[in-house]
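Heads up, the thing below is written out as structure tokens.
The values are calculated or read from the model by the stated rules, or taken from the named source; none is laboratory data. Just so you know, these numbers come straight off a predicted model, no measurement behind them. Here the Cβ positions follow ideal geometry from the backbone for every residue, glycine too, while neighbour counts run over all protein chains shown. Surface accessibility is based on the protein's heavy atoms, side chains included, excluding ligands, DNA and RNA. Shrake-Rupley method; radii C 1.70, N 1.55, O 1.52, S 1.80 Å.
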Amino acid sequence: MNDQYYTREPSSQSRPVECAFTYRGAALRFRTDAGVFSRGEVDQGTRLLLEALPPLRGDALDLGCGWGAIGVSVAVAN
């Protein structure tokens with residue numbers, strides 16, 4: 001399977017699942033689907049990065065980085 005969420009005519013079927021985790025006291029829930037990296041879970045690298053991030057001030061850009069675990073987590077925590 002080489003499909004991505006943006007593939008014009010994907011050959012894989014949609015298989016949405018929920019992913020829930022807590023970041024800095026905020027309970028977050030996402031719905032992820034086939035063709036997205038780390039579908040249904042926060043991968044170990046993303047968890048490590050989120051744990052290592054200092055509190056951020058101001059704007060942050062999370063562009064084309066999967067299903068938004070980092071960008072949404074940072075936005076909610078600020």
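Here are a few things to note about the model shown:
- Neighbour-limited loop hits for GluC sites (Glu not before Pro), the chain (at most 16 other Cβ within 10 Å; DSSP other than H, G, I, E, B): GLU41
- The chain - percent of accessible surface contributed by carbon and sulfur, probe 1.4 Å: 51 percent
- Heavy-atom accessible surface of the chain, averaged per residue, reaches 75 Å², computed with a 1.4 Å probe.
- The relative contact order of the range 1-69, computed from alpha carbon pairs under 8 Å that lie at least 6 residues apart in sequence, is 26 percent.
- Given 15 as the ceiling on other Cβ atoms within 10 Å, longest exposed-site-free region of the chain for trypsin sites (Lys or Arg not before Pro) in DSSP loops: 25-56
- Under 5 Å, built H, 5+ apart or other chain: amide partners of TYR23: LEU28
- Gyration tensor verdict on the chain (Cα atoms; rounded if a/c is under 1.5, prolate if a/b is larger than b/c, oblate otherwise): prolate
- Considering helices alone, the calculated mean residue ellipticity of the chain at 222 nm is -6500 deg cm²/dmol, with DSSP H runs of length four and up weighted by -39500 (n - 2.57) and normalised per residue.
- Between ASP43 and ARG8, the contour length at 0.36 nm per residue exceeds the Cα-Cα span by 10.0 nm.
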